[in-house]
Amino acid sequence: QPVNVTEDGLLFGNLVATAAKDCRDTPPWVVDLLLDNFQLPTEHVIEPFAGRGRFVRGLIERGYSTTAVEVRPEMKPLLERYPEADIHIGTWAKYLYGMKKANVDFSRVSLVSNPPFSIAWQMVRLCRAANFRCIVFLLTLNFLASKKRRKWWRANRPTDLKILSRRPSYVESGATDARDYAFYIWERGRPPLWIDFLLPQD
């Protein structure tokens, strides 16, 4: 069952997504493109929505101490192909709650993931509130353009935005959707990008 997590006065529940539209495997070239062009600032990296282990594979190959968290038990055999990884089957909220109770130093941990879009905003808020050293999420560019999130964005600008000039495909045919993607990066201790969010007067 999803577990509510309280962090710095913020309450989040039901941070779990298992619908087919929310469980998309990141193409290997996207994983490699990020990890070949961005050095994570911590030795320990967690993938909170590990799926088949695309990011897990890339992280291990580059020498990171890697933890894979995945809610779907049927993914466990696929993740076990990477014995170097610490594998946890269950919700991210429950795992994060366990880390908090164990007094883990979040400033020594980074996150890398392609999170379910339906809970992406809540994930960013929760993980930033927990003060992870670095958060790297693959999201659509239109994640920036939202009237509802405008005020929040102004207070939570990313430190880096790595835009994919080629659209990834999430289907066997190789077809792509009409959306563009980018890696949004929030790294503690670095100045945010200056991004302005304009809204016309009603």
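The values are calculated or read from the model by the stated rules, or taken from the named source; none is laboratory data. What you see is a predicted model, and the numbers here were worked out from it, not measured in a lab. Here the Cβ is made from the backbone with ideal geometry for all residues, glycine too, and neighbour counts use every protein chain on show.
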Read through the list (1) modelled with pLDDT of 90 or more; (2) under 20 Å from Ala68 (Cβ atoms), then give the number of the only condition that Ala130 fails. (1)
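Out of Phe183, Phe137, Phe197, I need the residue that is closer than 26 Å to Val69 by Cα and out of contact with any Cys (no Cβ under 9 Å at 6 or more places or on another chain). Which one?
None of the others qualify; the one that does is Phe183.
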Please enumerate the residues belonging to the stretch 52-68 that are under 19 Å from Pro115 (Cα atoms) and out of contact with any Ser or Thr (no Cβ under 8 Å at 6 or more places or on another chain). Arg52, Gly53, Arg57, Gly58, Thr66, Thr67, Ala68
